[in-house]
Amino acid sequence: MPNTPNGGRRKSRLNGDTSDRSMGRSSGKRSPRHRSPRASRINADTLGGSNRSNVGSADFPAGRKPRGSVVMEEGDFPAGRQPRGSVVVEEGDFPAGRQPRGSVVIDEGDFPDGRKPRGSVVVEEEVIVEEEQLATDMDEQRAKKRRKRIAALVACVLILILFIVIIVILVSVLGTGDEPTPGVGELPETCAVNNETRPITKDEYICDLVTTLTTRESTFLRTFPAGSPYGMSIGWMLKEDTTDFANTPHEYILERFVMILFYFATGGKDWFSKFEFLTQEHICDWTGDSKDAIRCAYATDKKVTDLGMPQNGLTGELPTELGYLTELTRIYFSLNSLSGKIPTELFQLTKLEKLYFDRNDFRGKIPTEINQLTGLTTLLLNNNDFNGNLTEICDVVNATGTQSDFHADCQTGRVNCPCCKTCV
């Protein structure tokens, strides 16, 4: 060692550094690496020169080399030793079966059986767990979608079934439309047309009417003048009506004819409201915007049950054919100008409950057939020119215990009505 000033102090410091490093190794902890090279940090007094002089290899003890800023060559290291810093390490520089730990890529084959790399290599078990979790989540999502589709399909089926049930109920309650089923097609063999006498029964009338509308045979209805209510009714049905009479139920043909005849017989062209009469629609639709002009029972093949046309300018006489509207329960013709006698055929309507004929120009004797209306609860005959006796019908109503509402011109003595509430 060169004889330098304070040489003992440098040796002490070097020995102290060596012992410190030895203590770090024995304790299992690595001592922190000193970044500042000792050569450049040695005191100028120790080296005997300036504090910025370059330090060479001769300035260090035998076998020691500086680690910091001095460039080292491979020849400066003992045999079999290599620098750890800037020298590139190749695989051939390691003993058999050893690999560098830093920059060399590690393959799975470099580990013993059953061992896997812990650092930068992806662990296979974690990947499998993630894949299984992902597959489970996807299965759950697909199952939820499948359940939703099944629920939607079931809901659609239930709605369809409900819709079909509603349609079936409506068809069964309201009927299938304009054309009921019975009496369609050819007339019965017993149908005999007589153009000299008026048909008496309902079947005879249907026979004459259908024959008139479907053939050119001479019938009773053809004997009326073209300008009469009967002639105008038959003429309209033959020329204007688009109904297929050959394939339409006979009962409906008769009711359609009666409503057309009623229109012409009571001056329909001069009514205040013509409603929807004489259109190609079903007669139940002729009521138009009014809810009371014509009412029909849809459960009985859409037959007319109510006629309500008060104060509508009705004139003339009521046709006897109104008696063929067998489902009528109410006739409301108050405050019109109807004249003539009340047709006795009306009192054959056994379902009739309310009859409003007040404030018209009717005259004559009240038919005794009125006593057959056992279900009659309302009867307004006042302000007309009737005469007759209503005693029997009063007794019938009182016997049933029904609350009646009868009015007649009994004050003048022309009508005897012991149960009338009002006698004019």
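The values are calculated or read from the model by the stated rules, or taken from the named source; none is laboratory data. Predicted model only: the values in this text are computed from it and were never measured. Cβ coordinates were reconstructed from backbone atoms using ideal geometry, including for glycine residues, and neighbour counts include every protein chain displayed. Accessible surface is based on the protein model in full, side chains and every heavy atom, while ligands, DNA and RNA are left aside. Shrake-Rupley method; radii C 1.70, N 1.55, O 1.52, S 1.80 Å.
So here's what we get for this one:
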| item | result |
| --- | --- |
| Selection within region 366-400 - within 16 Å of Glu317 (Cα to Cα) and assigned to a loop (DSSP other than H, G, I, E, B) | Ile366, Pro367, Leu381, Asn384 |
| Set Gln372, Gln411: member being on the phi < 0 side of the Ramachandran plot, within 53 Å of the chain's Cα centre (by Cα) and either of a type in the set (A, V, I, L, M) or surrounded by fewer than 19 Cβ atoms within 10 Å (Cβ to Cβ) (or both) | Gln372 |
| Residue check for Thr344: free of Cβ contacts under 8 Å to residues at least 24 places away in the same chain, at negative phi and among the hydroxyl-bearing types (Ser, Thr, Tyr) | no |
| Close pairs (8 angstrom Cβ cut-off, 6 or more residues apart or separate chains): of a type in the set (S, T, N, Q) in region 394-415, at pLDDT 85 or above and assigned to a helix (DSSP H, G or I) anywhere | Ser404/Cys394; Ser404/Val397; Ser404/Asn398 |
| Criterion violated by Pro225 - all others in (1) over 21 Å from Val304 (Cβ atoms); (2) assigned to a helix (DSSP H, G or I) satisfied | (2) |
| 1 or more residues open to solvent by less than 20 Å² (accessible area, probe 1.4 Å) and of a type outside the set (Ser, Thr, Tyr): qualifying strands (runs of 3 or more DSSP E) within region 281-365 | 294-297, 303-308, 330-332, 337-340, 354-356, 361-365 |
| Scope region 328-369; condition farther than 20 Å from Met259 by Cβ, under 49 Å from the mean Cα position of the chain (by Cα) and among the hydrophobic types (A, V, I, L, M, F, W, C); matching residues | Leu335 |
| Enumeration of residues in region 259-280 that are under 40 Å from the mean Cα position of the chain (by Cα) and aliphatic (A, V, I, L, M) | Leu278 |
| Tally of residues being open to solvent by 10 Å² or more (accessible area, probe 1.4 Å) and farther than 16 Å from Leu338 by Cα across region 375-405 | 18 |
| Members of region 247-280 that are outside any helix (DSSP H, G or I), open to solvent by 10 Å² or more (accessible area, probe 1.4 Å), closer than 20 Å to Gly231 by Cβ and of a type in the set (Ser, Thr, Tyr) | none |
| Restricting region 207-258 to residues that are of a type in the set (D, E, K, R) and under 15 Å from Asn194 (Cα atoms), the residue that is nearest to the chain's Cα centre (by Cα) | Asp208 |
